[in-house]
Each structure stands twice: as C-alpha cells, then as structure tokens.
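Quick notes on the structure that follows.
The values are calculated or read from the model by the stated rules, or taken from the named source; none is laboratory data. Model, not experiment: these values are computed from the prediction. FYI the Cβ positions are ideal-geometry reconstructions off the backbone, even for glycines, and counts take in every protein chain you see. All accessible areas refer to the heavy atoms of the entire protein, side chains included, with ligands and DNA or RNA removed. Shrake-Rupley method; radii C 1.70, N 1.55, O 1.52, S 1.80 Å.
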Amino acid sequence: MQAAQRTPWGTIIAAVAVSRGLLFLVGLLTLQLHGRDAPTGWDAWIALSCRWDCNWYGTILEHGYGYASPGQSGATNWSFYPLLPLLVAALQALAGIDDYRAAGMLLSTTLLVVALALIHRHARLLGNREGVAVTSVWLVAFLPQGIVFSSTYTESLFLALLAGTMVAMRQQRSPAAGLCAAALSATRSNGIFILVFILATLWMQRGTRAFLRPWREPIAYLPLLMAPLGAFAFWTYAFLSTGDAFAMTSSVRHGWGWAWESPLSNLPMYWDLGFNARVWMVGSLFAACCTMLVLYYRWYAEFALAVVVFILVW
C-alpha cells in the first residue's frame with residue numbers, strides 16, 4: 001500500500017483512550033471543586049457524558065418526536081435531527097443495551113475512532129507528511145470540548161461523515177461522497193453546507209469549462225443531488241407529522257430564542273456580554289485567521305467550507 005493509504009490504528013486508538021481518560025478525570029475534578037457529590041464507577045461516566053442535548057435525544061428514543069419541555073416554553077425535540085437517535089436505537093436492539101446513554105457513548109466513541117482515521121487520510125491526501133497527519137489526530141482528540149465525542153451527541157457522527165465526504169470527494173468516489181453527504185444533512189441542519197465543499201472540489205478537479213458541462217460526466221455530480229436528501233427526508237416527516245416542514249426552525253426560535261442575525265451585529269453583542277463571551281469571540285476570530293494558512297496552501301475547497309462555517313457560527 002502507498003504511504004498515504006496507511007492508517008495508524010494503534011496511534012488513533014491510543015489518542016482516543018488517553019484523551020477520554022483525561023477528560024473524564026477533569027470532569028470528576030470539576031464536580032469536586034464545585035462542591036458536588038462526584039459519582040463513582042459506571043455512574044460517573046454516565047453522569048459526565050449525558051448532559052443537555054443528550055437528554056433531548058433521549059426523549060426522541062423514549063417518546064418519539066413531539067415531546068415538549070414542561071419547563072422551557074416552545075422547546076421541543078423537533079429541534080434535533082433523526083440520524084443519531086436512529087443509530088443509537090439500532091445499536092440498542094442489536095447489542096441488547098437497555099440504557100440509551102450507554103449505547104450513545106459506545107456509538108460516539110467508536111465513530112470518533114472512524115473520524116480520526118478519516119482525518120488522517122484526508123491530511124495525507126492533501127500532501128501532508130505523516131507527522132502532520134498524526135498531529136492533527138491528536139489535536140482533535142484533545143479538544144477541550146471533546147467530551148461530547150463520547151456522549152449521546154452528534155459531534156462524532158457529524159465529524160466522521162464530514163471527513164468521509166471530503167475524503168471521498170478528494171478520491172473522486174462520487175457514490176460514497178453522496179451517501180456520506182446525505183447522511184450528514186440528516187444529522188444536523190448545518191450538514192447541508194457540505195454542498196459548498198462539493199461544489200468547490202468539483203470546480204478544482206474539473207476546471208471551469210468542464211464544471212459547467214455536467215451532462216458529460218453526470219456521476220461526478222451525484223453528491224450535489226444526494227447531499228440535501230437527508231434534510232429533505234426529515235422536513236417531509238416533520239410536515240406529515242405537524243404540518244410544519246421546518247418544525248426544527250420553529251422550535252429553535254421559540255424554545256431557545258435563536259434566530260439568524262448578521263455577524264456584524266452578533267460579534268459586538270458578544271463583546272458586551274462579559275469575559276466568557278469575549279474569550280469565545282476572540283478565540284473564534286483567531287481560529288478564522290488561522291484558516292488563512294489553508295488558503296496559503298491552495299486548499300480552496302477546505303477554505304470555502306471553513307469560511308461558511310465561521311459565518312454560520314457568528
């Protein structure tokens with residue numbers, strides 16, 4: 001096999017194991033410092049891994065869609081896309097796991113291994129040295145917020161599908177890229193923005209003249225057609241169930257008060273919200289500036305996706 005195709009599974013599994021253990025210890029220490037009774041054993045893993053959105057996914061698994069929070073007016077589990085709970089339910093049925101939190105933890109941790117392997121592959125496809133690819137794996141594994149990579153959260157699933165789409169597009173495996181992209185848009189609403197990467201990659205690979213003649217090689221454009229299918233399926237189900245195809249957007253707006261605002265107004269607002277918000281704002285601006293390195297290396301498709309993601313976050 002070529003060097004770019006080798007996957008250092010031992011290194012990846014070590015990165016996952018060490019990072020999960022360290023984050024677990026940090027979580028226990030945090031509970032103790034805040035004067036809370038720290039659980040022990042398996043209960044500690046469950047308590048630290050299942051918070052906030054994990055419980056919302058639990059309502060989908062236990063009650064189906066339509067559950068509304070009694071203490072949060074307007075908030076419903078329509079705010080959460082269906083692929084993760086579907087996979088957790090499948091794992092519970094296949095492995096006989098009663099607790100969805102345990103099944104979600106197992107699924108997300110396994111998907112983290114897959115995601116890191118794909119990140120390594122993508123880094124090598126871009127022409128980076130093995131050391132750069134391995135460093136990327138360790139950096140992602142040790143993200144401070146990385147506890148969600150082992151929770152009933154969409155982050156591991158989303159990251160694996162995102163990296164899978166990018167690798168498949170780089171390797172010009174259109175059906176695989178299309179399947180990953182369709183699953184991505186069924187995982188989170190922002191998964192639809194993979195279309196930006198797909199368009200940019202097709203333009204880079206084919207050139208402007210060939211790019212504007214899709215009928216000459218229609219299979220190459222299959223990911224463009226498949227990418228929105230996951231979202232369309234969820235919207236169709238929401239419409240048939242509630243009469244509102246965009247029940248997710250309605251729930252997020254009324255239950256959490258989130259709506260689209262221009263970054264030009266959001267960034268000054270965060271500056272006025274206090275120290276924590278300022279740290280987030282400055283950190284995100286610094287990360288955005290770092291993406292200039294992506295442009296320097298002429299990874300235009302990756303840069304286009306990064307720009308869209310930052311605008312969406314802001």
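Among the residues of segment 59-90, those that are surrounded by 18 or more Cβ atoms within 10 Å (Cβ to Cβ) and assigned to a helix (DSSP H, G or I) comprise Thr59, Ile60, Leu61, Asn77, Trp78, Ser79, Leu83, Leu84, Pro85, Leu87, Val88. Annotation: Leu157 fulfils all but one of (1) without any contact (Cβ under 8 Å) to a residue 60 or more places away in the chain; (2) farther than 20 Å from Val26 by Cβ; the unmet one is (1). Confirm whether Leu25 is open to solvent by 80 Å² or more (accessible area, probe 1.4 Å), part of a helix (DSSP H, G or I) and at pLDDT 90 or above. Taking the combined requirement at face value, the residue does not satisfy it.
Scanning segment 171-181 for residues that are open to solvent by 20 Å² or more (accessible area, probe 1.4 Å) and not basic (Lys, Arg) yields a count of 6.
Taking into account only those residues within segment 111-170 that are of a type in the set (S, T, N, Q) and either out of contact with any Leu (no Cβ under 8 Å at 6 or more places or on another chain) or in a loop (DSSP other than H, G, I, E, B) (or both), which is surrounded by the fewest Cβ atoms within 10 Å (Cβ to Cβ)? Looking at the filtered set, the residue picked out is Gln145. Residues in segment 183-199 that are within 13 Å of Leu161 (Cβ to Cβ) and not β-branched (Val, Ile, Thr): Ala183, Leu184, Ser185, Ala186, Arg188, Asn190, Gly191, Phe193, Phe197. Taking segment 147-183 as the range and being over 16 Å from Tyr221 (Cα atoms) and touching a Ser or Thr at 6+ places or on another chain (Cβ under 6 Å) as the test, the residues that pass are Phe149, Ser150, Ser151, Thr154, Ser156, Leu157, Phe158.
Going by what's in this entry, would Ala301 be described as in contact (Cβ under 8 Å) with a residue 40 or more places away in the chain and part of a helix (DSSP H, G or I)? It would help to see each step written out before you state the result.
Numbers: in contact (Cβ under 8 Å) with a residue 40 or more places away in the chain: yes; part of a helix (DSSP H, G or I): yes.
Spelling it out, Ala301 is indeed in contact (Cβ under 8 Å) with a residue 40 or more places away in the chain and part of a helix (DSSP H, G or I).
Residues that are part of a loop (DSSP other than H, G, I, E, B) and open to solvent by less than 10 Å² (accessible area, probe 1.4 Å) within segment 182-209 comprise just one, Thr187. Meeting the requirement of 2 or more residues that are surrounded by 10 or more Cβ atoms within 10 Å (Cβ to Cβ) and at pLDDT below 90, the helices (runs of 4 or more DSSP H) wholly within segment 234-298 are 263-272, 275-290, 292-296. Cβ-Cβ contacts under 9 Å between residues 6 or more apart (or on different chains), taken from a first residue in segment 22-33 that is closer than 13 Å to Pro144 by Cα to a second residue that is exposed (fewer than 13 other Cβ atoms within 10 Å of the Cβ) and of a type outside the set (Asp, Glu), are listed as Leu23/Pro144; Val26/Pro144.
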